[in-house]
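Step one of this worksheet: look at the structure below.
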Amino acid sequence: MFEFAMLLAQDETLYKLGVGIGMGLVILGAGLGIGRIGGSAVDAIARQPEASGTISTQMLISAALIEGATVIALILMLIL
């Protein structure tokens, strides 16, 4: 089983396919996460308009953290 896995790992096309699928999954996850954060922030601002500044700040910080993790994952996939 291990020899078969090593044989597959040496194939350049499967490597590129794996990188492409991985990048797609990372971008999909980041998009869903940021969309969920944005939707929740809009709901929270609609319920408490007086706290909109705090909610917006927390939303932007969370979105930036997700984007940072996404960029790191994409760079690692391109390097490896």
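Things to note:
- Cβ pairs under 7 Å, 6+ apart, first in region 1-24 and part of a helix (DSSP H, G or I), second surrounded by 10 or more Cβ atoms within 10 Å (Cβ to Cβ) and modelled with pLDDT of 85 or more: VAL19/MET77; GLY22/MET77; MET23/LEU74; MET23/MET77
- Of the residues examined, ILE27 is one that is in contact (Cβ under 8 Å) with a residue 24 or more places away in the chain, exposed (fewer than 14 other Cβ atoms within 10 Å of the Cβ), assigned to a helix (DSSP H, G or I) and within 20 Å of the chain's Cα centre (by Cα).
- Taking each residue of region 32-55 that is in contact (Cβ under 8 Å) with a residue 24 or more places away in the chain and looking for partners that are β-branched (Val, Ile, Thr) with beta-carbon atoms closer than 8 Å, six or more apart or interchain, yields GLY33/ILE66; ILE34/ILE66; ILE37/ILE66.
- Test result for ILE21, surrounded by 13 or more Cβ atoms within 10 Å (Cβ to Cβ) and at pLDDT 90 or above: no
- On inspection, THR13 qualifies as at pLDDT below 90 and polar (S, T, N, Q).
The values are calculated or read from the model by the stated rules, or taken from the named source; none is laboratory data. All of these numbers come straight from a predicted model, not from anything done at the bench. All Cβ positions, even for glycine, are placed from backbone atoms using ideal geometry, and neighbour counts span all protein chains on display.
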